[in-house]
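The values are calculated or read from the model by the stated rules, or taken from the named source; none is laboratory data. Quick caveat, the model's predicted, so the values are computed rather than measured. Here the Cβ is made from the backbone with ideal geometry for all residues, glycine too, and neighbour counts use every protein chain on show. Heads up: the accessible areas ignore ligands, DNA and RNA and are worked out on the full protein's heavy atoms, side chains in. Shrake-Rupley method; radii C 1.70, N 1.55, O 1.52, S 1.80 Å.
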Amino acid sequence: MEKKSSVLVSARVIPVVGQSSVLVGPGLFREIPQDLKKRFPKVSTFAVVSDETVFGLYGKIIMAGMAKQGLKAISYQVKPGEKSKCRKVKAEVEDFMLSNRCLRDTCVVALGGGVVGDLAGFVAATYLRGVPVVQIPTSVMAMVDSSVGGKTAINVPFGKNLIGAFHQPRVVYADMLLLKSLSPKQVREGLAEAIKMGCIRKKPLFEYMQKNVKKIMNQDPLALAEVIYSAIKGKADVVALDEKEKGVRSTLNMGHTIGHAVEALEKKEVLYHGECVAIGMVHEMALLAKMGHLDNADVEAITACLKAYGLPTDIPPELKVEDMMHKMRIDKKNKNGKIRMTCVKSIGSSLPDPIVVEEKLVIDYLTSVLKN
């Protein structure tokens, strides 16, 4: 049952797992310091981790709000972009916190998109063997996906998100008004994850997004709130069933096997994470259709929906099959050396566990698509 926040009366509350919950609603941002004071009476220091761009937009507001509530807050900004999600920057954040004598009564506040959320969450998971973390996502991608569920990680030369930990945020504040500063490209890439949720679990969400493209892309408040709330609720339900990704949570990786390979390789065009996932969704679903698991009509509907939001669906032609296979062979879903992918049976329904897709089928398919 939907709950209301005791402090943020305008928010809709989505329980996730344990003490973790998501607060959804426009205008929450300025009320966060007051809510933090109520939630964390024993915290002595709030360490706000952000990137330079996001902090330039919202940093003064959050820091002034903390001061007004009598809360001690320090801040650290990283360079924007995926390159900051690495061992070196993680160590820099930790050294900053240590130099400011942050102890176990510290709470990390992640203010930013997916990179900041993953990085700051991993810092919180390992700092002094674990301190609380709060997520304030400022992108659609982070709001509907990466800030919810406790996955934290950094990238390494071998691939994305290979070093990390499960560490549930105590609370996620999803304020749609923070999305106003995003470019259309940034909005689109986050909506790819919402479409994904519709494909694997929530057919009504998929159908709503099919019918309301213009309203959603124009950030109509009611339409965008419906998409964000439904996508977050879908993910929260999955995490509650399978917090540590032993089974059904792996369905959230639809599109990520091929998508992560596309993302990890050098390309002529800059593609965001959600754009790579969109490409992965189309081609993984095409493989499922070849295996007899999914109707071609569903593949076409998924492809058409992604295209309607301006998302890419073609694998960049400059990529090489052998390079993509190398990346896919070290995907986290693999077992016993076998490539596994999320199996969507129909739009809104998927198997609880990934299925094995034989390498020869993947190689033959990619060869036919890339012709190299």
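Taking the range 290-372 as the region of interest, what is the percent of Cα-Cα pairs per 10 angstrom bin, listed from the shortest bin to the one with the maximum distance?
Reading upward from the zero bin: 15, 39, 42, 4.
Under 10 Å, Cα contacts only: if you run a Gaussian network model on the chain, which one of Asn296, Asn155, Asn336 comes out with the highest mean-square fluctuation?
Asn336
Roughly how tilted is helix 87-99, in degrees to the nearest 10 and between 0 and 90, from the longest Cα axis of the chain?
Orientation of helix 87-99: about 10 degrees from the principal axis.
What's the carbon and sulfur percent of the chain's accessible surface, probe 1.4 angstrom, rounded to a whole number?
Numbers: 8470 of 15950 Å².
The C+S portion of the solvent-accessible surface of the chain is 53 percent.
With the contact rule set at Cα under 8 Å and sequence spacing of 6 or more, what percent relative contact order holds for the range 264-365?
So the answer I get is 27 percent.
Name the residue, out of Gly59, Gly112, Gly81, whose mean-square fluctuation peaks in a Gaussian network model built on the chain with Cα pairs under 10 Å.
Highest fluctuation of the listed residues: Gly81.
Would you mind working out the magnitude of the charge dipole of the range 102-258 relative to its Cα centre, with +1 at each Lys and Arg C-beta and -1 at each Asp and Glu C-beta, to the nearest 20 Debye?
Numbers: 20 positive and 13 negative charges, 48 e Å.
Approximately 240 debye in magnitude.
Express in whole angstrom the spacing between the alpha-carbon centres of the range 48-70 and the range 189-252.
Using only Cα atoms, the two centres lie 29 Å from each other.
If you average the alpha carbon positions of the range 316-369 and of the range 85-130, how far apart do those two centres end up, in angstrom?
The two parts, judged by their Cα centres, are 33 Å apart.
Against the longest principal axis of the chain, how steep is helix 184-200, in degrees 0 to 90 to the nearest 10, with axes from Cα atoms?
70 degrees
Projecting each Cα onto the charge dipole of the chain (Lys/Arg +1, Asp/Glu -1 at the beta carbon, about the Cα centre), which of Thr126, Leu294, Val213 comes out farthest on the positive side?
Of the options given, the answer is Thr126.
In vacuo Debye scattering of the range 115-214, one point per C-alpha: log10 I(q)/I(0) at q = 0.13, 0.16, 0.17 Å⁻¹?
After summing over all Cα pairs, the log10 values are -0.53, -0.77, -0.85.
Please report the net charge: other residues with Cβ closer than 10 Å to the Cβ of Thr45, K and R +1, D and E -1. Mind dumping the intermediate values first?
Details: positive: Lys72, Arg101; negative: Asp105.
Net local charge, Thr45 excluded: +1.
Treating only the Cβ of Lys, Arg, Asp and Glu as charged (+1, +1, -1, -1), what charge dipole size does the chain show about its Cα centre? Round to the nearest 20 debye. Don't skip to the end; give the middle numbers.
Working: 53 positive and 39 negative charges, 217 e Å.
Dipole of the chain, to the nearest 20 debye: 1040 debye.
Sum up the charges of everything whose Cβ sits under 12 Å from the Cβ of Gly112, counting Lys and Arg as +1 and Asp and Glu as -1, but leave Gly112 out. Intermediate values should be presented prior to the final figure.
On the way: positive: Lys79, Lys85; negative: Asp51, Glu52, Asp118.
After counting each charged neighbour, the total is -1.
Using a 10 angstrom cutoff on alpha carbons, build the Gaussian network for the chain and name the most mobile of Val78, Val133, Val115.
Val78
List, largest first, the extents of the alpha carbons of the range 216-329 along their principal axes, each in whole Å.
Computed over the Cα atoms, the extents are 42, 37, 29 Å.
Accessible area per residue for the chain in Å², computed with a 1.4 Å probe and the full protein assembly in place, what is it?
Values: 15950 Å² over 372 residues.
Using a 1.4 Å probe on heavy atoms only, each residue of the chain averages 43 Å².
Rounded to the nearest 20 Debye, what is the dipole magnitude of the range 318-369 about its Cα centre when Lys and Arg each give +1 and Asp and Glu each give -1 at the C-beta?
Values: 10 positive and 8 negative charges, 58 e Å.
Value, rounded to 20: 280 debye.
Quick check of the Kirkwood formula: for the chain, what is the inverse mean of 1/r over all pairs of different Cα atoms, in Å? Mind showing how you got there, number by number?
Numbers: mean 1/r = 0.0480 Å⁻¹.
In the chain this quantity evaluates to 20.8 Å.
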